2 protein chains.
Amino acid sequence: MMTNDFAGLEAAQEQAIQKARKRVIESIGKNMDLYGITQSTGLLYGLMFFQDKPMNLDEMGQAMEMSKTSMSTGIRTLVDLNMVNKVWEKGSRKDLYEVERDWHQTFADFFVLKWRKAVELNLMALRRSKAELDKLAESGGSEALHALIGGDLEKIRQAIDYYLWLDRVIDLMESGEIFKHVPKEEPSS
Amino acid sequence: MMTNDFAGLEAAQEQAIQKARKRVIESIGKNMDLYGITQSTGLLYGLMFFQDKPMNLDEMGQAMEMSKTSMSTGIRTLVDLNMVNKVWEKGSRKDLYEVERDWHQTFADFFVLKWRKAVELNLMALRRSKAELDKLAESGGSEALHALIGGDLEKIRQAIDYYLWLDRVIDLMESGEIFKHVPKEEPSS
DNA sequence: AATTATATACAGAAAAAACCGTACGTACTT
DNA sequence: AAGTACGTACGGTTTTTTCTGTATATAATT
């Protein structure tokens, strides 16, 4: 059973709408690499963006002309990034998905999810290495050794400072405070 | 002529420092995918991070155990992202590079460079499609057609709003205003 | 002017990633 | 309980990306 959104429309009209959609979908798909997402998954997202109803994997595969397997993995990527939500609809045994419409939130979520993790991992590595070098410095050694360690420690210190700053930027996104500084509605000038 | 930073140090000391560096370098390399950078280029960046002197392509190739060609392409990626600067040193015919130490700026630059471009391209596509749909709506048509167009236009409107917001977030980075809201120095609590 | 040193364009090789079909486990239906 | 519908793990194939060696262009040195 295939529902057709364009039922009853003239071919030329449908074509015009499809063309308008296609441009947007492809632009979205092309720029989604910033989210670390493959182009085809980006196109899937773009497709779903124009859907008024939740889609199931079979519909996606049909529309994308790709395998159901690929839809499954693609959609998981999108769900993991909170870009797409799984929705429940009684009567249907199939999993249904729809795009998250609050893109501001989507962006903030992505930022928190990905960049926070990077910050944490890098900070951990930096602190461990700092501790090792501190210890090495304490255990005596030549002048040359201390100069070398000092250089590395200074670089590490700067890096840590940066990540702590970045962490606070991420806080801004997570807390929603960003919307105080940059309101969703364009200030009417 | 190969200069050795570790000249005159005990092997165990050199090893300890290398271990500390390696952890940081690998962490950086691993997380650099957020910048759309390949892991090996990320490792190159990490390597250069601990260098006190500008490096040339031959030194990089030797340290990374990779071809000079790869170093050339890798370094270009990093230069394009303003993560690495080309420096001039009289007497040397080789191109020399060193990492940009101001990571706050590096982050802001990246954000402006990459996200701004995405915003512009997406906005362009959205506005074109909006114009087409507006025109199509004006040219009459059935009730069903107008409902369909209206749905798409509403989605496009929301998307445009979002990108305008994101554009202002990017402005925050570009103008340096972000540092007013999130100062580089951690506020002493 | 000839020689040498340097970076990179280019094409092929190697590695990685995306994609698909099959097989299987789970949960719903009968 | 048997059968059916569904999503996905998995292995193999195709496509894309990364990496390398050679060739070439450019600029410095002799």
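Within the stretch A:29-42, restricting attention to residues that are of a type outside the set (Gly, Ala, Ser) and open to solvent by less than 20 Å² (accessible area, probe 1.4 Å), the residue that is farthest from the other protein chains (Cβ to nearest Cβ) is A:41.
Based on what the data block shows, is residue A:113 under 19 Å from residue B:104 (Cα atoms), within 21 Å of the chain's Cα centre (by Cα) and assigned to a helix (DSSP H, G or I)? Steps first, please.
Values: under 19 Å from residue B:104 (Cα atoms): no; within 21 Å of the chain's Cα centre (by Cα): yes; assigned to a helix (DSSP H, G or I): yes.
Here the answer is no, as residue A:113 does not meet what is asked.
Residues in the stretch B:84-111 that are closer than 27 Å to residue A:34 by Cβ and either away from chain A (no Cβ under 13 Å) or in contact with a His (Cβ under 8 Å, 6 or more places away or on another chain) (or both): B:84, B:85, B:86, B:97, B:109. Within the stretch B:171-189, the only residue that satisfies the criterion of being within 7 Å of chain A (Cβ to nearest Cβ), surrounded by fewer than 20 Cβ atoms within 10 Å (Cβ to Cβ) and in a helix (DSSP H, G or I) is B:181. The residue of the stretch B:66-76 that is most open to solvent (accessible area, probe 1.4 Å), among those that are of a type outside the set (Lys, Arg) and either in a helix (DSSP H, G or I) or more than 9 Å from DNA strand C (Cβ to nearest atom) (or both), is B:69. When residue B:129 is tested against the conditions (1) open to solvent by less than 70 Å² (accessible area, probe 1.4 Å); (2) closer than 25 Å to residue A:183 by Cα; (3) among the hydroxyl-bearing types (Ser, Thr, Tyr), the lone failure is (2). Of all residues in the stretch B:113-138, those that are more than 7 Å from chain A (Cβ to nearest Cβ) have Cβ atoms under 7 Å from Cβ atoms of residues that are charged (D, E, K, R) and open to solvent by 30 Å² or more (accessible area, probe 1.4 Å), 6 or more apart or on another chain, in B:119/B:167. Scanning the stretch A:148-166 for residues that are open to solvent by 30 Å² or more (accessible area, probe 1.4 Å) and closer than 12 Å to residue B:17 by Cα turns up A:150, A:153. Residues of the stretch B:77-104 that are open to solvent by 70 Å² or more (accessible area, probe 1.4 Å) and out of contact with any strand residue (DSSP E or B) (no Cβ under 9 Å at 6 or more places or on another chain): B:80, B:90, B:91, B:93, B:94, B:101.
Restricted to the stretch B:7-51, and to residues there that are closer than 28 Å to residue B:81 by Cα and part of a loop (DSSP other than H, G, I, E, B), the residue that is nearest to DNA strand C (Cβ to nearest atom) is B:38.
In the set (1) open to solvent by 40 Å² or more (accessible area, probe 1.4 Å); (2) within 10 Å of DNA strand D (Cβ to nearest atom); (3) of a type in the set (A, V, I, L, M), the condition left unmet by residue A:63 is number (2). Within the option set B:168, B:157, being out of contact with any Ser or Thr (no Cβ under 7 Å at 6 or more places or on another chain), assigned to a helix (DSSP H, G or I), more than 23 Å from residue A:11 (Cα to Cα) and more than 9 Å from every other protein chain (Cβ to nearest Cβ) holds for one residue only, B:157.
A quick yes/no check of all residues on (1) under 27 Å from residue A:136 (Cβ atoms); (2) within 14 Å of another protein chain (Cβ to nearest Cβ):
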| position | (1), (2) |
| --- | --- |
| B:23 | yes, yes |
| B:27 | yes, yes |
| B:44 | yes, no |
| B:53 | yes, yes |
| B:64 | yes, no |
| B:70 | no, no |
| B:76 | no, no |
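The values are calculated or read from the model by the stated rules, or taken from the named source; none is laboratory data. Only a predicted model underlies this, so the values are computations on that prediction, with no experimental measurement involved. Positions of Cβ are generated from backbone atoms using ideal geometry, with glycine treated the same way; all protein chains shown enter the neighbour counts. When the accessible area is computed, the model is the full protein with side chains, heavy atoms only, and any ligands, DNA or RNA have been set aside. Shrake-Rupley method; radii C 1.70, N 1.55, O 1.52, S 1.80 Å.
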